[in-house]
Amino acid sequence: MAGMSGNTLGLLFAVTTFGESHGPAIGCVIDGCPPGMELSEADIQPELDRRRPGTSRHVTQRREDDRVEILSGVYEGRTTGTPIALLIRNQDQRSKDYAELADTFRPGHADYSYWRKYGLRDPRGGGRSSARLTAPLVGAGAVARKWLRERHGIVVRGCMQQLGELPIAFRSWEDVGDNAFFAPDRQMVPRLEAYMDALRKAGDSCGARIYVEACNVPPGWGEPLYDRLDADIAHAMMGLNAVKGVEIGAGFASVSQKGSEHGDELTPEGFAGNHAGGVLGGISTGQPVRVSIALKPTSSIRLPRRSVDRSGQAVTVQTLGRHDPCVGIRATPIAEALLAVVLMDHALRQRAQCADVRHAVAPLPGGIG
């Protein structure tokens, strides 16, 4: 599906990102967006504002406005069907923070693996491997979300389920938008803030678990076997920096469940549960598509770590740049965008092959479970 160099996500709705953390700009080209949809920067900017750095003391203090510019693919306020190019200019690079890292490798980072692959690397802010590159993807996700919402009423939303050792119980979707953690329980926020303040003082970092779902997805989206909807979702989520685990529906909890518990029974009123996460045999059931992702602790920490230089000699590395003590804090809008892009691609693939399929019986209600 992707191009050989691994910078493109999707088949019919294809998003190719470009740029580096400390280059002049980052951006993406979206190919395959249907024509005729109203689109402006105002449709995209709110999503970028949710993701951008410097929004609270708990994330990197790099100051980026992340103002998006639409360079092509829109005429007189509507998409034309041609490639949509989005550009975001970098403004607050501080490359001197990385001068000492040009000849060594930060533990847990892509420094070593990029060097082994390409023979050279851009050490400034992680270059191409930086989470900065998630900004244009969020822009592409905003385009997909708008089309999915207008055509199918699909709502994509997410929240934080766990910060380090602190699980966060779900209280309300209304709570998610009014705190820097995207936590679904505003009463937990003081505890989360105290946890992050202590972590930052210690010079350390932590991981996070993020939940994302899509409601009102029609049944029938996805392909058998190798292009399954859930496989493509997992593929996309693993493309997000720091993700080390993806669960669909019950995920790893399935291991301890009995078949009588896990298999979602069908009734005339709808499915009795949603352990499948809205996908059976790689094809959507009409239930909410449910995904959880695990993000590792930020590798850039202030504490001294052992490493080697390019000649293989032992060195000590201390990362002094501006970093998120927990990359998961800003990951919710990115996970939402990735899910939207995959669903958009499969919406167009379903339309291409199976638009003429008709059923005498209406689909089961999708909201149960």
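Rule-based calculations on the coordinates, nothing more; no lab input. Predicted, not measured: the structure shown is a model, and the values here were computed from it. Cβ atoms come from the backbone with ideal geometry, glycine included; neighbour counts cover every protein chain shown.
Distance from the C-alpha centroid of segment 166-231 to that of segment 103-164: 16 Å, rounded to the whole angstrom.
Between Tyr118 and Tyr226, what FRET efficiency follows from the Cβ-Cβ distance if R0 is 30 Å, with the result rounded to 0.05? Spell out each step's value before the answer.
On the way: r = 28 Å, r/R0 = 0.94.
It comes out at approximately 0.60.
Axis angle, to the nearest 10 degrees, between helix 229-238 and the longest C-alpha principal axis of the chain: 10 degrees. Close amide H contacts of Val315 (hydrogens built in the peptide plane, cut-off under 5 Å, sequence separation of 5 or more or a different chain): Ser307, Val308, Asp309. Between Asp49 and Arg78, the contour length at 0.36 nm per residue exceeds the alpha carbon distance by 8.2 nm. Only one residue of Ala242, Pro333, Gln161 has its Cα farthest out toward the positive end of the dipole of segment 8-354, where Lys and Arg carry +1 and Asp and Glu -1 on Cβ, and that residue is Ala242. Put simply, the Cα atoms of segment 8-354 extend 65, 52, 38 Å along their principal axes, the longest span coming first. Hey, for a label at Val361 modelled as a point 7 Å past Cα toward Cβ, could you say which residues of segment 279-312 have their backbone N under 20 Å away? Residues 279-288 qualify, since their backbone N sits under 20 Å from the label point. Checking the cross-link pairs Lys117/Lys146; Lys201/Lys296; Lys146/Lys244 against a 31 Å limit on the alpha carbon distance flags Lys117/Lys146 as lying beyond it.
Loop-located trypsin sites (Lys or Arg not before Pro) in segment 154-198 (DSSP state not H, G, I, E or B) with no more than 15 neighbouring Cβ atoms inside 10 Å: Arg171.
Taking Cα pairs under 8 Å and at least six residues apart, what relative contact order does the chain come out at, in percent?
Numbers: 782 pairs, mean separation 76.0, N = 369.
For the chain, the relative contact order is 21 percent.
Segment 243-284 and segment 304-343 have Cα centres separated by 32 Å.
Going by a ≥ b ≥ c, the root eigenvalues of the Cα gyration tensor, does segment 1-45 fall in the rounded group (a/c under 1.5), the prolate group (a/b larger than b/c) or the oblate group? Don't jump to the answer; show the numbers that get you there.
Numbers: a/c = 3.77, a/b = 1.15, b/c = 3.27.
In terms of gyration-tensor shape, oblate.
Relative to the Cα centre, the charge distribution of segment 8-354, modelled as +1 at Lys and Arg Cβ and -1 at Asp and Glu Cβ, gives a dipole magnitude of about 1160 debye. Indicate the gyration tensor shape class of segment 322-363 (rounded, prolate or oblate), computed on the Cα atoms with a ≥ b ≥ c the square roots of the eigenvalues: a/c under 1.5 is rounded; otherwise a/b larger than b/c is prolate and the rest oblate. Judged from the Cα gyration tensor, segment 322-363 comes out prolate (a/c at least 1.5, a/b above b/c).
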